[in-house]
Amino acid sequence: MPANNDPIYTLTPNIGRVKIPTATAQVKSDGTSAGSGSDLVYKAFTAGANGSYVDRVKFMATGAAAAVSSVATTLRVYLSTVASPGATAATDTWLIGECSIPTISAAVSHSTNAVSPYEVPVGFAIPTGTYIHVSQHVAQGTNMSWNAVVIGGDY
């Protein structure tokens, strides 16, 4: 089936998601990762067979117990050609956005106040064989983590 061409629209929604594990961190913004221990990036989105448009990445604090708070950190979004994040390098993984996050109470901890998501706008098409990875700069405490949801569509 030929792709839409005037203007180009996505044909199928593609929503990627990943939970960044509590104890992991990625301290480098240049995309390099040893791929072991706490030095990890996580795949959140895979481009479709004809490429994809990525609109944005939404990060949401989540808690597995009452009265937990995040540790202040920087959440990062990368464009990569590495399918399964293990070791990444500055030649295959590139930072495309980041946001600074203060200490906040996770959604499970609030009975009356909602926690707002943090968004990193992307707003461009990516080719097949390309991925969106995410990381956090500082490891979080027990029962606290970040969910990343990538909103896009396939051509």
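Here are some notes:
- Dmax and Rg, reported as Rg then Dmax, of the range 12-154 (C-alpha, Å): 14.8, 46
- 19 Å reach of a label modelled at F124, 7 Å along Cα-to-Cβ, counting backbone N of the range 46-78: 46-48, 50-58, 76-78
- Were the residues from A49 through L95 laid out at 0.36 nm apart, the gain over their Cα-Cα distance would be 14.2 nm.
- The alpha carbon radius of gyration of the range 1-68, expressed as a multiple of 2.2 N^0.38 Å, is 1.55.
Coordinate-derived values only; no laboratory data. Since the structure is predicted, the reported quantities are computational estimates derived from the model, not experimental observations. Ideal geometry is used to build each Cβ from the backbone, glycine not excepted, and the neighbour counts take in all protein chains shown.
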